[in-house]
Every structure is written in structure tokens, then in C-alpha cells.
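Read through the structure below, which is laid out as C-alpha cells, and then see the notes.
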Amino acid sequence: MAEQKHTKVIMAVFLIGAFFMILNETLLNIALKELMEQFNISRATVQWMASGFMMVIAIVSPLSALIIQWFTTRRLFLFIIVVFIAGSFIAGMAVNFPMLLTGRMIQAIGTGLIMPLIMNTMLMMFDVSVRGRVMGFFGLIIMFAPAIGPTLSGVIVDYLGWRWLFFSVIPFMVFAFIFGWRYLENVGEVTRPKIDILSVVLSTVGITGIIYSISMASDADILSAQILVPFIIGLISAIAFIRRQLKLTTPILDFRVLQVRNYRRGMLIFVIVVMSLFASEIVMPMYLQGPMGFSAKLAGLILLPGALLNGLLSPVMGRIFDSVGPRKMIIPGLVTLLVVMIFYTTIHPGVPVWQFIVAYMLLMVAVAAIMMPSSTNGLNALPTEKYPHGTAIFNVLQPLAGSAGISVFVGILTGVQNNEMSKHTEVTQAVQDQAMTAGLHAAYLFAIALIVIGIVIAVTLTNAANESKQQIIE
């Protein structure tokens, strides 16, 4: 099937759309400080541009396995593009923060559906023997977006203003729509399984409650009703959702895939890396523009080499994965990530810029060696009919883990920073910088603990491509 002529056309159409969606996601990381000043909001509030975005992705992702089976590839892709354009326009026209956040969340609907659609299509089109290579090429295209995102964001914010972060992607998405309308062909069959409305409600309430409470924890008392009530409601709903899926003959999300050892372990490693990476991509730009005193443009340039290297290495990592399997890539990657996190616990405003650049390059090399191998090896372990559910769970966990990582990192940073400043009667700029540095160090100590757990799990991985499929008990 991989040799069919339409394969390259299908992937080209997908990658055009996905590239600009992911580009827009990373464009905002550098702009958060600008948005705080523009709308006079706190660090905990502005993080909703990331947490809210990921919350919607997490809500949509469980439904993706069902939606993919209800609509043709072409129709679903065109719908995704239209939704994303609408969200971009609303956000760009925003007159207040709620309107901006609404547009951002509408964008997230499109982003939350495009990745499961692409991953499921690739699993359907390509044999297990070449998936590492294909995923690697996909990674090259997709990782190039976050590579140029921070730098491009800095230039746009400094010269055009933050609104153009949203307006600038609209022409490209219109092109993706026209290209998809004309050339995209359908992959797979439309089976239209029964929709369980109660499952949809439980999933939505569960994810919303959990992510909302986690995101608000950095800005409120963790034992307050504002945090506990939505968390408890969300947790109960999530448990009820999982129990219901295990009883249904056609579940929205089949959690039985977690019975598969390599899938489960790869998923845990993936979650740990996502928590560390997403949190770093929010916290580090804040530090570079705060105590380090860099402009948005310069902060983006500092992160550019590492992000570019990550994208360029993705095809290489894919080929290596096909040759050596997961362990020989993931374990060295996690050890490298651990070294970088240890370095981050020692940084201060006097650290030379080149050290930040080298550290971030090492971080992104480590991520390239971990994320694709852990997810691909896990999916390779699943039976073909479980691919939509396997990809959907990964896409649910990514925003959940990212949101949790951001909230925990920002919460630790803010808590330690406030505690340090309370020790001084006069809070000067030097005191604020010193306090934020202490908070940053504490946040990365938490990341170190996570990565050590990841290393322990990675030691137990095996190469799913060389093994028979583990039977799933229905």
C-alpha cells in the first residue's frame, strides 16, 4: 500500500495543514510576556493560552478515534482547516483576554483532530518495517514548525504586534484548504460506529475538571473549593468514563490497549518527556525575558538552534530506530535530558548565552531520541484494529501531561519566588530576579525526579517490531 501513487499526495496535504497549526501553537510561547502586559493579567492567567489550548485538545482527542471512523479523510481534513481559520480570526480580532482565549480554544479543536488523523493514516498506509523512517520524516516537517516558531514570534511581536501571530497563518491555511479540496484522497473505510452520548459527556466533564483544577492550582490555594470541587468532579467523571469504555462493545476510547506492555511503558516515558518539554518551553522564555533581560526576538533566537536540530534529526532518529530498536535510543536520550535538567538547576542571570544555546540543543537532541521511538514502538505493539485508539490515547495524554507539567512548573516557580521575595522588606529588581532564579531551580529539581523514573521504565522496553502482537483480553 505504501507504493500507491496517492500516498505522497495525501501526506503532502496533511503536512501543509499540520505544519501551520503547530507553528501557531509555538508562536505564542515567546509572546506570553507581551500578552501579560497588553491585557494586564498574571503569569498564572496567561498560562491559560497554553493550558486552555491543551485542555480542548485533550477533550477532542478521545473523540478522534470515533470521528475518524465517521467521516472520510477528505471531509474531516477540510472541516479541521475551516475550524482553525475561524479560531485564528477570532483570536486576532480579540479586544479582551476572554475573546482571545476563545479564539485560541477554537484553534485547538482543529489541532486536536489533525494529529490523530495523520498518525492513524500513516499507520494504515505504511508497513511496520518502514514506520520509523516515515515517522522520522513526519517529525522533520512537524518539528521545523516549533523550530522557527519562537524566533518568528519574536520578530512578529517586536515589529508587527501580537495580533499578527494569528493573522499571518490564515493565508497558508486557506492554501491548505484549496490544496486538500483538489488533491486529497480518502484512506480507510467509514464504518460509523454507534455514538455513546454518555461517554462523550463523561469524557468532556472529566478532562475539563482535571485540567482546569491543575491549571488553577498555581494561582490559588490547592485545598480551596475552587480547586478541589472541579478536580473531584473531573476525577469521578474520568473514572466513570474509563469503566464505561471497558463495558461497551464499541468504545469511544478502548483502554484495553493499556494491557500491551510496550505500549503502556512507551506511553509513560512519552508523558514524562512531554511534561518536562512543555514546561521548559513556557518557563525558559519567561526567564530569558525576565532576569536575563533579553527581548522576545533574542529569546527566540537563543532557542532556534536547538529546535532546528531537533527537526533535522527526526529522519535520522527514525532510521536508527528501525535499525536498533527503542532501548538504545531512549535510554541515552533520557540520560542526556537528565544532564540538561541538572544544568538548569544551576543557571543564573550571569550565565553566558552560549551555555543556554548548547543546553537547549542537547535537550532537543534528547527529545528527538525519546519521543518518536517511545510512541512508535508502543503503537507497533498494537493490533491493526486498535491503531485509532492507540493514537487517540497518546493524543489525549500529550495535552494532559503538558498542562500538568506547565501548571506544576509555574506553580513551583511562583511559589518559591513569592516565598523568597517575602523575606525582603524592599523588593528591588535584583531581589525579584534572585527569587525567580530560585523558583526556576526548584522547578527543574522536580523534572529531574520525573526523568529518573523514565530511565527506570526505559530499561524494561523491548522491540515491538520483532515480537508477535500481545493478545488483548476483551
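The values are calculated or read from the model by the stated rules, or taken from the named source; none is laboratory data. From a predicted model like this one, the values you see are computed outputs, not experimental measurements. Backbone-built Cβ (ideal geometry, glycine too); neighbour counts: all protein chains shown.
Summary table
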| read-out | value |
| --- | --- |
| Yes/no for residue 237 being in a helix (DSSP H, G or I), surrounded by 19 or more Cβ atoms within 10 Å (Cβ to Cβ), at negative phi and under 21 Å from the mean Cα position of the chain (by Cα) | no |
| Options 401, 381: the member that is out of contact with any His (no Cβ under 6 Å at 6 or more places or on another chain) and within 23 Å of residue 447 (Cβ to Cβ) | 401 |
| Condition met for residue 376 (of a type in the set (Val, Ile, Thr), closer than 23 Å to residue 461 by Cβ and surrounded by fewer than 23 Cβ atoms within 10 Å (Cβ to Cβ)) | no |
| Pair list, Cβ under 7 Å, 6 or more apart: segment 299-320 residue not assigned by TED's automatic domain parsing to the domain that holds residue 364, other residue at pLDDT below 80 and outside any helix (DSSP H, G or I) | none |
| Subset of segment 207-259 [of a type in the set (S, T, N, Q) and modelled with pLDDT of 85 or more] | 208, 237, 245, 259 |
| Residues of segment 334-370 that turn out to be touching a residue at least 40 places away in the same chain (Cβ under 8 Å) and of a type outside the set (A, V, I, L, M, F, W, C), as a count | 6 |
| Flag if residue 111 is closer than 19 Å to residue 32 by Cβ and part of a helix (DSSP H, G or I) | yes |
| Evaluation of residue 69 against (1) surrounded by fewer than 20 Cβ atoms within 10 Å (Cβ to Cβ); (2) assigned to a helix (DSSP H, G or I); (3) modelled with pLDDT of 85 or more (one fails), failing number | (3) |
| Subset tally (residues that are closer than 14 Å to residue 286 by Cα and either over 17 Å from the mean Cα position of the chain (by Cα) or aromatic (Phe, Trp, Tyr) (or both)) for segment 13-31 | 1 |
| Matching entry among 393, 302, 347, 406 (being among the hydrophobic types (A, V, I, L, M, F, W, C) and either modelled with pLDDT of 85 or more or in contact with a Gly (Cβ under 6 Å, 6 or more places away or on another chain) (or both)) | 347 |
| Elements of type helices (runs of 4 or more DSSP H) contained in segment 259-355, each with 1 or more residues being hydroxyl-bearing (Ser, Thr, Tyr) and either under 20 Å from residue 391 (Cα atoms) or touching a Lys or Arg at 6+ places or on another chain (Cβ under 9 Å) (or both) | 261-289, 296-324 |
| Matching option when the condition is among the basic types (Lys, Arg) and in the same structural domain as residue 111 (by TED's automatic domain parsing), among 244, 256 | 256 |
| Failed criterion for residue 404 (all others in (1) more than 25 Å from residue 64 (Cβ to Cβ); (2) in contact (Cβ under 8 Å) with a residue 12 or more places away in the chain; (3) part of a helix (DSSP H, G or I); (4) hydrophobic (A, V, I, L, M, F, W, C) hold) | (1) |
| Filter result (more than 20 Å from residue 280 (Cβ to Cβ), among the small types (Gly, Ala, Ser) and in a helix (DSSP H, G or I)) within segment 417-450 | 430 |
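A quick yes/no check of all residues on (1) within 21 Å of the chain's Cα centre (by Cα); (2) surrounded by 23 or more Cβ atoms within 10 Å (Cβ to Cβ); (3) modelled with pLDDT of 80 or more; (4) not in a helix (DSSP H, G or I):
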{"residue": "81", "(1), (2), (3), (4)": "yes, yes, yes, no"}
{"residue": "106", "(1), (2), (3), (4)": "yes, no, yes, no"}
{"residue": "119", "(1), (2), (3), (4)": "yes, yes, no, no"}
{"residue": "149", "(1), (2), (3), (4)": "yes, yes, no, no"}
{"residue": "154", "(1), (2), (3), (4)": "yes, yes, no, no"}
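Conditions (1) closer than 30 Å to residue 74 by Cβ; (2) assigned to a helix (DSSP H, G or I); (3) modelled with pLDDT of 80 or more; (4) in contact with a Lys or Arg (Cβ under 8 Å, 6 or more places away or on another chain), marked per residue:
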{"position": "13", "(1), (2), (3), (4)": "yes, yes, no, no"}
{"position": "19", "(1), (2), (3), (4)": "yes, yes, yes, no"}
{"position": "22", "(1), (2), (3), (4)": "yes, yes, yes, no"}
{"position": "29", "(1), (2), (3), (4)": "no, yes, no, no"}
{"position": "36", "(1), (2), (3), (4)": "no, yes, yes, yes"}
{"position": "50", "(1), (2), (3), (4)": "no, yes, no, no"}
{"position": "57", "(1), (2), (3), (4)": "yes, yes, yes, no"}
